[in-house]
1. In whole Å, what is the distance between the alpha-carbon centres of the range 104-158 and the range 23-88?
2. With runs of 4+ DSSP H residues as the only contributors, calculate the mean residue ellipticity of the chain at 222 nm using -39,500 (n - 2.57) per run, divided by the residue total and rounded to the nearest 500.
3. Specify the residue with the greatest mean-square fluctuation among THR293, THR188, THR172, computed from a Gaussian network of the chain linking alpha-carbon atoms under 10 Å apart.
4. Kindly work out what percent of the DSSP beta bridges joining two residues of the chain are antiparallel, to the nearest 5.
5. Picking from GLY197, GLY278, TRP64, whose Cα lies most toward the positive end of the charge dipole for the chain (charges on Cβ: Lys, Arg +1; Asp, Glu -1)?
6. What full-extension length gain, to one decimal in nm, is calculated for ILE305 and ARG157 as 0.36 nm per residue of separation minus the Cα-Cα distance?
7. Subtracting the Cα-Cα distance from 0.36 nm times the residue separation, let me have the gained length for LYS73 to GLU268 in nm, one decimal.
8. Given a Förster radius of 22 Å and the C-beta distance between GLU135 and TYR289 as r, what FRET efficiency does 1/(1 + (r/R0)^6) yield to the nearest 0.05?
Amino acid sequence: MRAADGISYKGAVRRDGRMKAVRFHQHGGPEVLQYEDAPDPVIKSPDETLIRVKACALNHLDIWGRIGPPYSKPPLPHISGCDIAGVVEEAPPHEKGLRKGMEVIVSPGVGCGRCERCLSGSDNQCRHYSVIGNESDGGYAELVAVPSRNVLPKPERMDFVQAASVPLVFLTAYHMLVTKAKVKPGETVMVLGAGSGVGVAAIQIAKAYNASVIATAGTDSKLAKAVELGADHTVNHKTTKVSDEARKYTDGKGVDVVIEHPGKATWEESLRSVAKGGRIVTCGATTGYDAVTDLRYVFAREITIFGSYMGGSGELLRVLELFKQRKLRPVVDFTLPLSMAGDAQVRMEKSEHFGKIVLTI
Ligand SMILES: [Zn+2]
């Protein structure tokens, strides 16, 4: 068989069939997403595995990719989707751990696998790092080709929908709290946007590390669900000044760690909420990236600001171990069929969901 570049690989797959996929041929709003026939993916190297997708969770990366520059510039037409669960359709013969029909999830980050960063476990800092479904085609499709080393067994006790909801946000939240902030028992962690994917993951991970959690959200029903997940205290950011409540809860001291991802809309209040010597970890800017930083807070309070992007692939394995120990659980708000990906993204942008939105294929 011949792969796309014309080079023969033993065991490589070439499919001339058509699959159903959601693609966009131009950047824009959700209306550019088209549910249509697309060519089956082509295995480009002997190190790739073909996955039959059963479920794919939505992430904001999907929306950045759809909108396009300046956020992202995927090749067109493009298939989004980085949180994938499914079954192995075809694995290279030399991949002894993978066999057809095996139920799997896909680790979303791809480094070069050879540089100092990759080899020391920080593949998310590899200069060639990419996220499946961001630069390359992803899981809004019946089939996807991914690097074999990214294919992991689906955790027991999880169905495909639950499994797809886990990788990106739990990896991100673990990297923020454990690897970057080094959260300690007894510390107070403020999790912004409790209903977001990162929010539901961060609340649970902070509790697993015996921290006290303040969760913020814009509706009381989301706050009630945050308490069910373990939040000790909640703040409705639409009716209450977050920094006032954070200081009140900590006897005026401020919180030790803020888990930031909204960006522009919350950044100033995050700075005001942190204790002296505290840490803010930011992994995103869903409300805008041009936030204003009052540097007086940073130097006078000796605040540390960590940037955080995804996490090392080894960290995802540690996350999955925490699921095995039942310290974490997946949180899925609702599912929609693949053909309704546009509606799913519209609902995600409205921020009315609590937890993950998952497409079923
Ligand atoms: Zn690398």
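The values are calculated or read from the model by the stated rules, or taken from the named source; none is laboratory data. Owing to the predicted nature of the structure, the values given are computational and were not obtained by experimental measurement. Note that each Cβ is placed from the backbone with ideal geometry, even for glycine, and that neighbours are counted across all protein chains shown. Keep in mind that these areas ignore ligands, DNA and RNA; they rest on the heavy atoms of the full protein, side chains included. Shrake-Rupley method; radii C 1.70, N 1.55, O 1.52, S 1.80 Å.
1. 14 Å
2. Values: 11 runs with 89 residues, N = 361.
Rounded to the nearest 500, it is -6500 deg cm²/dmol.
3. Greatest mean-square fluctuation among the candidates belongs to THR293.
4. Numbers: 32 of 57 bridges.
Given both bridge residues lie in the chain, the antiparallel proportion sits at roughly 55 percent.
5. GLY278
6. Details: separation 148, 0.36 × 148 = 53.28 nm, distance 3.70 nm.
Length difference between fully extended and current span is 49.6 nm.
7. Details: separation 195, 0.36 × 195 = 70.20 nm, distance 2.95 nm.
Full extension of this stretch gives 67.2 nm more.
8. Values: r = 19 Å, r/R0 = 0.89.
Efficiency computed from Cβ-Cβ geometry: 0.70.
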